[in-house]
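Trainee: Here it is, the structure in full.
The values are calculated or read from the model by the stated rules, or taken from the named source; none is laboratory data. Being a predicted model, the structure only gives us computed values, none of them experimental. Note that we place each Cβ from the backbone using ideal geometry, even for glycine, and neighbour counts take in every protein chain shown. Surface areas here come from the heavy atoms of the whole protein model, side chains and all, with no ligands, DNA or RNA. Shrake-Rupley method; radii C 1.70, N 1.55, O 1.52, S 1.80 Å.
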Amino acid sequence: GLDVEMKDVPVDSLVPAALRDWTPPEGAKVADAFINEMKAFDAEKEKQIKAAMDKDMCLRYVGVVDLEAKKASVTLAEYPNTHPFAGTQWADNIVAFNTERYVPQPLVVQGPGAGAAVTAAGVYADVIRIAK
């Protein structure tokens, strides 16, 4: 297994650095105010999406456990449009197991999730637990 603590896992935040310590204006609805602030970063994300699409790729926010390298990470990465991650929608959970027996096509487990935050935390915790 992989002995890892969450503090040792690099996580590339989807929240721009400029907004990580952001606080909403007094009396504002937090979600609405935050989405409004995020609009300033839309062009940057659109550029990333277009760059991926130009290469027949898609962007996915993925947790990866690499047992051989003894590393885990969470990052926004490009995946081929033929990859199982490319077919996810909304808050799907998807886990792809690349093992000695499942090469070149991974074993894929996919289903509806509980929402982005809960899904990411739960799936990642399960993968870490399985890896141990």
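Trainee: What percent does the relative contact order of the stretch 1-108 come to when contacts are Cα pairs within less than 8 Å and at least six residues apart?
Mentor: Averaging sequence separation for qualifying contacts and normalising by length gives 23 percent for the stretch 1-108.
Trainee: Express as a percent, rounded to the nearest 5, the fraction of DSSP beta bridges in the chain (both residues included) that run antiparallel.
Mentor: Approximately 95 percent, going by the DSSP bridge assignments.
Trainee: Here are labelled values, (1) 107, 24, 24; (2) 54, 36, 27; (3) 75, 52, 28, and one is the computed Cα extents along the principal axes in Å for what I pasted. Which one?
Mentor: Here the calculated entry is (2).
Trainee: Over the chain, give the accessible area per residue in Å² for a 1.4 Å probe, as an integer.
Mentor: Details: 9780 Å² over 132 residues.
Roughly 74 Å² per residue, with all protein chains present.
Trainee: Please compute the net charge surrounding Lys50, taking Lys and Arg as +1 and Asp and Glu as -1 over other residues with Cβ under 15 Å from its Cβ.
Mentor: Values: positive: Lys45, Lys47, Lys55; negative: Asp42, Glu44, Glu46, Asp54, Asp56, Glu78.
Taking every Cβ under 15 Å from that of Lys50, the sum is -3.
Trainee: Taking the Cβ of Phe85 as the centre, find all other residues whose Cβ is under 12 Å away and add up their charges (Lys, Arg: +1; Asp, Glu: -1).
Mentor: Result for the local shell: -1.
Trainee: Follow-up question, since we're still on this one. On a straight-distance basis, which lysines could pair with Lys39 in a cross-link, Cα separation under 27 angstrom, same-chain partners fewer than 8 positions away excluded?
Mentor: Answer for Lys39, where 27 Å is the Cα cut-off: Lys29, Lys47, Lys50, Lys55, listed by chain and number.
Trainee: Another question, if that's okay. Would you calculate a helix-derived [θ] at 222 nm for the chain, using -39,500 (n - 2.57) for each DSSP H run of n ≥ 4 and dividing by the full residue count, to the nearest 500?
Mentor: Helices in the chain give a 222 nm mean residue ellipticity of -9000 deg cm²/dmol.
Trainee: Then there's this: Quick one: Cα centre-to-centre distance for the stretch 1-34 and the stretch 56-132, in angstrom?
Mentor: Centre-to-centre distance over Cα atoms comes out at 20 Å.
Trainee: A follow-up question, please. If you roll a 1.4 Å probe over the stretch 54-103 with all protein chains in place, what percent of the accessible area is carbon or sulfur? The partial results should precede the final answer.
Mentor: Values: 1780 of 3550 Å².
Of the solvent-accessible surface of the stretch 54-103, carbon and sulfur hold 50 percent.
Trainee: Restricting attention to the stretch 27-91, which chymotrypsin sites (Phe, Trp or Tyr not before Pro) occupy a DSSP loop and are surrounded by at most 16 other Cβ atoms within 10 Å? Kindly include the intermediate steps, with their values, before the conclusion.
Mentor: On the way: sites: Phe34, Phe41, Tyr61, Phe85, Trp90; in loops: Trp90.
Passing both the DSSP loop test and the Cβ count: Trp90.
Trainee: Let's see if you can work this out: charge +1 on each Lys and Arg Cβ, -1 on each Asp and Glu Cβ, no other charges. What is the dipole magnitude of the chain about its Cα centre, in debye to the nearest 20? Mind dumping the intermediate values first?
Mentor: Details: 14 positive and 19 negative charges, 38 e Å.
Roughly 180 debye for the chain.
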